[in-house]
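Q: Quick one: the structure is below, and I'll ask about it shortly.
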Amino acid sequence: MSVQVNDITKIYGEQRAVDSISFEVKKGEILGFLGPNGAGKTTTMKILTCFIPQTSGKASVCGFDVEEEPLEVRKKIGYLPEHNPLYKDMYVKEYLNFVAGLYKLPNKKQRVAEMVEQTGLGREQHKLIGALSKGYRQRVGLAQAMIHNPEVLILDEPTSGLDPNQLAEIRLLIKNIGKEKTVIFSTHIMQEVQAICDRVIIINQGKKVADDPIDKLTARVQNAQMVFVEFKEKINSELFNTIASISSVKQVNDYKWQLSTQSKEDLRPNLFNLAVQNKLTLLELYQENVSVENVFQELTRSN
């Protein structure tokens with residue numbers, strides 16, 4: 001495995017930012033690392049990249065322990081943090097030559113040229129980084145993360161703040177990179193997850209709440225129904241227990257309910273009959289398509 005994480009915990013004072021998380025990522029896999037703000041995503045990434053130590057647990061990259069062999073781990077990892085730390089007073093090509101020099105690459109000039117081509121920086125390579133759009137700055141960040149040809153790429157919100165055209169270009173670039181390398185990236189954009197990822201891990205309040213291949217997550221969504229029903233009268237949620245296929249019940253307000261099911265059977269006829277049998281006045285009854293975003297919200301909803 002390229003990346004192995006075993007019961008990693010990180011505690012700040014009385015807060016458990018990461019709480020006993022375990023997972024593995026193999027070579028050639030693109031892993032989407034998801035969760036709401038403050039869930040522990042960035043903390044986990046910083047542990048893997050040796051920026052901060054874990055409180056307990058073990059993690060390794062390409063067989064090297066992040067705590068005991070940090071220099072070896074850093075050789076194997078390319079990292080693009082959420083806030084891309086670029087030297088804005090340097091020119092693009094100058095900056096990439098500088099980074100290549102830090103890694104003491106023997107073929108520095110050739111490697112810089114390869115990164116410029118691969119990340120689509122050809123027309124911008126002689127510009128000041130400070131004069132670039134955010135999309136091109138992200139490309140420079142990706143180029144510096146990949147310049148030493150690492151086996152693992154860790155990207156924290158690499159598409160944050162990009163326009164639709166830039167989003168499409170960076171997504172394609174990440175997809176192509178993932179054919180040869182292990183990629184772990186975090187995002188809040190659910191369409192991005194479906195477009196890029198082979199697998200998804202979702203964490204919430206420091207804990208792992210899902211770890212599924214993207215096709216399994218998508219199938220879960222495709223088979224699910226979400227129905228909204230509103231009555232004129234107030235009712236008790238136990239009334240819905242008579243419909244066995246309902247998997248979850250959520251009260252929207254005093255009169256309106258959100259019902260979910262994994263069954264392919266349409267809930268609406270059963271709900272109509274329920275209203276008739278209990279002499280309830282039905283004000284609203286409609287079905288909505290369930291999305292990956294709905295699954296994310298359900299798994300990360302605060303209790």
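Q: Only one residue in 72, 67, 24 is in a strand (DSSP E or B) and assigned by TED's automatic domain parsing to the domain that holds residue 199. Which one?
A: Residue meeting the stated conditions: 24.
Q: For residue 301, indicate whether it is without any contact (Cβ under 8 Å) to a residue 24 or more places away in the chain and under 30 Å from residue 6 (Cα atoms).
A: Considered against the rule, which asks whether it is without any contact (Cβ under 8 Å) to a residue 24 or more places away in the chain and under 30 Å from residue 6 (Cα atoms), residue 301 comes out as yes.
Q: Also, quick follow-up: Would you point out which residue out of 217, 172 is in a helix (DSSP H, G or I) and either in contact with a strand residue (DSSP E or B) (Cβ under 8 Å, 6 or more places away or on another chain) or aromatic (Phe, Trp, Tyr) (or both)?
A: 217
Q: List the number of the failed condition for residue 198; all other conditions in (1) modelled with pLDDT of 85 or more; (2) over 22 Å from residue 78 (Cα atoms); (3) in contact with an Asp or Glu (Cβ under 6 Å, 6 or more places away or on another chain) hold.
A: (2)
Q: Are any residues in the range 176-195 in contact with a strand residue (DSSP E or B) (Cβ under 7 Å, 6 or more places away or on another chain) and either within 15 Å of residue 296 (Cβ to Cβ) or surrounded by fewer than 22 Cβ atoms within 10 Å (Cβ to Cβ) (or both), and if so, which ones?
A: 177, 178, 181, 186, 187, 193
The values are calculated or read from the model by the stated rules, or taken from the named source; none is laboratory data. These numbers were taken from a predicted model, which means no experiment stands behind them. Cβ coordinates were reconstructed from backbone atoms using ideal geometry, including for glycine residues, and neighbour counts include every protein chain displayed.
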